[in-house]
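Structure first, then comments.
The values are calculated or read from the model by the stated rules, or taken from the named source; none is laboratory data. As the structure is a prediction and not an experimental result, all values here were calculated from the model. Note that we place each Cβ from the backbone using ideal geometry, even for glycine, and neighbour counts take in every protein chain shown.
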Amino acid sequence: MKALKHFLVRYKAWIMAALAPLGGVWAVFIIGLIDASFFGIPLDPIIAYYVALNPRKLIAYAVMASLGSAIGSTVPYLIGYKGGEAVVVKKIGQERFARMHALSEKYGDMALIIPALMPPGFPFKAFELMAGVTEMRYLHFWMSIFVGRLLRFIILGLLIVAYGPEILHFLADSFAHHRGAFFAVVAVLVVVIVLLVRWLNEHSKQAAAHAAEAAQATGDAA
């Protein structure tokens with residue numbers, strides 16, 4: 001929380017001035033790219049700032065920030081892919097590596113989508129490195145990052161619209177003091193979304209199959 005306040009006080013005005021000519025949409029893309037690639041720049045306060053200024057562009061901000069984050073995440077992915085297990089073990093330790101590796105093997109894409117939903121302070125880069133070590137398919141990796149970040153930024157944007165930028169401090173405090181409950185809520189949300197997407201996919205497949213059968217029946221009758 002202190003780091004977030006320090007950033008807001010010292011760096012936000014400078015970043016806003018430097019990226020102002022690009023407009024908010026490109027600003028969140030660039031910051032997301034830098035944050036995921038090289039060094040962490042808290043992206044959530046930037047999105048909160050722009051959404052508060054222009055709520056109608058909420059989806060555009062969320063999409064561009066997620067796109068930048070997904071593209072930038074290629075860097076840690078490649079480090080893990082090329083460096084192998086030794087790189088990640090050196091960074092997070094053998095015991096933690098074993099737990100994360102087991103989660104990646106068991107849950108696949110979900111083991112990356114859920115961490116991507118977590119707020120600043122969560123060690124997400126370790127999961128990106130792990131995806132490279134386990135040689136996760138790059139398209140699956142990219143889409144998992146994009147989907148997780150998109151959900152996170154849309155939810156954040158909706159909260160900003162509903163309650164104002166002050167909600168960001170409340171969320172940071174909640175995450176700091178109630179991480180277990182925070183993880184549980186996020187996990188339930190992801191499961192609901194995944195089940196909904198699967199249901200929609202099955203529904204569309206069934207509709208396509210019925211349409212094909214109807215077309216075939218019409219052709220046979222002719």
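Each row is one residue, and each column tells you yes or no for (1) part of a helix (DSSP H, G or I); (2) at pLDDT 85 or above; (3) of a type outside the set (S, T, N, Q).
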| position | (1), (2), (3) |
| --- | --- |
| P21 | yes, no, yes |
| W26 | yes, yes, yes |
| F29 | yes, yes, yes |
| D35 | yes, no, yes |
| F39 | no, no, yes |
| V51 | yes, yes, yes |
| L58 | yes, yes, yes |
| Y61 | yes, yes, yes |
| M64 | yes, yes, yes |
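Looking at segment 77-100, I want the residues that are within 15 Å of F141 (Cβ to Cβ) and have a partner that is surrounded by 15 or more Cβ atoms within 10 Å (Cβ to Cβ) and polar (S, T, N, Q) with Cβ atoms under 7 Å, at least 6 apart or on another chain. Which pairs are those?
Close Cβ pairs satisfying both conditions: none exist.
May I ask you to verify whether F122 is under 13 Å from the mean Cα position of the chain (by Cα) and at pLDDT below 75? First the steps, then the outcome.
Working: under 13 Å from the mean Cα position of the chain (by Cα): yes; at pLDDT below 75: yes.
Considered against the rule, which asks whether it is under 13 Å from the mean Cα position of the chain (by Cα) and at pLDDT below 75, F122 comes out as yes.
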